[in-house]
1. Between residues in region 61-81 that are in contact (Cβ under 8 Å) with a residue 12 or more places away in the chain and under 18 Å from Asp15 (Cα atoms) and residues that are surrounded by fewer than 18 Cβ atoms within 10 Å (Cβ to Cβ) and polar (S, T, N, Q), which pairs lie under 8 Å by C-beta distance while being six or more apart or on different chains?
2. For region 74-105, what are the residues that are surrounded by 17 or more Cβ atoms within 10 Å (Cβ to Cβ) and touching a His at 6+ places or on another chain (Cβ under 9 Å)?
3. Taking the condition of being at pLDDT 90 or above and touching a Leu at 6+ places or on another chain (Cβ under 7 Å), how many residues in region 193-218 meet it?
4. Does Ala159 satisfy the condition of being modelled with pLDDT of 85 or more, of a type in the set (Gly, Ala, Ser) and assigned to a loop (DSSP other than H, G, I, E, B)?
Amino acid sequence: MIKTILVPATASDADNAVFASALAVARPFSAHITFLHVRVDAAAMAVTMASEGGGSTMIGGLIDRLDAEAEMREQRARALFDSFCARERLELVATPPGPAGPSAHWTRQVGAEPLWIGEHGRAADLMVIGRSVDGDGVPPETIETALLESGRPLLVPPASGMTVLPETIVIAWKATREAAHAVTAALPFLSIAKRARILTVAEEGDLSSEEGRELMANLRWRGIEVSAERLDPDQHSPADTLINAAAESNALLVMGGYGHSRLREWVFGGFTNHVLQTAAPVPVLMAH
């Protein structure tokens, strides 16, 4: 069951689509959404910038300018939050118990965004984070930190956002613990979906298709209508093959988030990196 959702409030133009996607998840579960804004620490950033620039002259003026920019960004983020909650008639509550339906509250921190999103994310059931658009929004390194270090599932919505959850779920299956964790994270979504498809991409020496049939049997014990299929990548990469299959079904794509902390080297054909960097046309649920 999903009862708490974390959403970054970045003050970017993409916020409304991400907010709407989080609400699309919150509605069927009557979940509470925490909107987190992380304000830049102007003094710390100014010291870093001055150090990299080789001197500390005019650092006071730089702090003032950075703080003024941070204040404007925070005000815009809060205005987007207030407008969204008013438009959607979301009840604002900070402590449980909440209302019968979805609810929301605003919180802000000062400092490094990856640190605070990871900190708050560890206490949530789900994080909903949109991709950066033209350098605006949550940067890729923050999303990677949230995915790899929070221990919680991450939903990355399409750029257009979601107003309702897809009725079909596509599970990108590979015989790894990350994929298994992703399936566990997807169980609340699977419980309300109409059908699920377990898809593996043919790779030499890969046993994933056999394990996919085992997973299919296990999900059927839960009463979930599910099928298992093995796809040939043809001219597409494994990532594109699975994303295209999910798009054809207007589905939520479920996949493991793969990565090594050292140098953030991505595996599984760069699947995780591909999804995080590319504007996939479907929502993607990942767990590490």
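1. From residues that are in contact (Cβ under 8 Å) with a residue 12 or more places away in the chain and under 18 Å from Asp15 (Cα atoms), the pairs are Leu80/Asn16.
2. Hits for region 74-105 are Glu74, Ala77, Phe81, Gly98, Pro102, Ser103, Ala104, His105.
3. Final tally of qualifying residues: 3.
4. So Ala159 passes the test.
The values are calculated or read from the model by the stated rules, or taken from the named source; none is laboratory data. Predicted model only: the values in this text are computed from it and were never measured. As a convention, Cβ positions derive from the backbone with ideal geometry for all residues, glycine included, and neighbour counts pool all protein chains shown.
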